[in-house]
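Coordinate-derived values only; no laboratory data. The structure displayed is predicted, hence computed values, not measured ones. Methodologically, a virtual Cβ is constructed for each residue, glycine included, from the backbone with ideal geometry; neighbour enumeration extends over all protein chains shown.
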Amino acid sequence: MTAHAVEPTSTVPPMPERNPKALRASIARHAPQLLPDFDEHWKRAIADTYDIGPLLAFMARWWGEYAIARDPELDAHMADLHHRATECTDPAEAKELLEEASSIRYRVRDLEPGQ
């Protein structure tokens, strides 16, 4: 199994400033397929509750989702990993595929604005 680079290619938009407004704008522009879920999660977790307590967890989740979705190659690779894991009949191989996906998610959480 080969590792897939997390570094964006030249056609991948940079990460936005690390705040909800900038992240939402980037999602709307570069990964609009995520926008309905982003908005629903925002409404349910933050707006309707008037509680900013979950904001860090919200940002962590959507930072990673956007980091993957903004890169078509990485997004396709993640979808392939998940698909292959669900179709796999060997538990050890399925575990390896899911661990690779988890490793990618772990690495993208550390991306900084502009990367």
TODO: For segment 29-115, state which trypsin sites (Lys or Arg not before Pro) are in a DSSP loop and have at most 13 other beta carbons lying within 10 Å of their beta carbon.
DONE: ARG109
Task: Estimated D of the chain in µm² per second, where Rh is the Kirkwood radius over Cα pairs and Stokes-Einstein applies at 4 °C, 1.567 mPa s - done: 86 µm²/s
TODO: Rank the residues ILE46, ILE52, ILE104 as a footprinting-exposure proxy: fewest other Cβ atoms within 10 Å of their Cβ go first.
DONE: ILE52, ILE46, ILE104
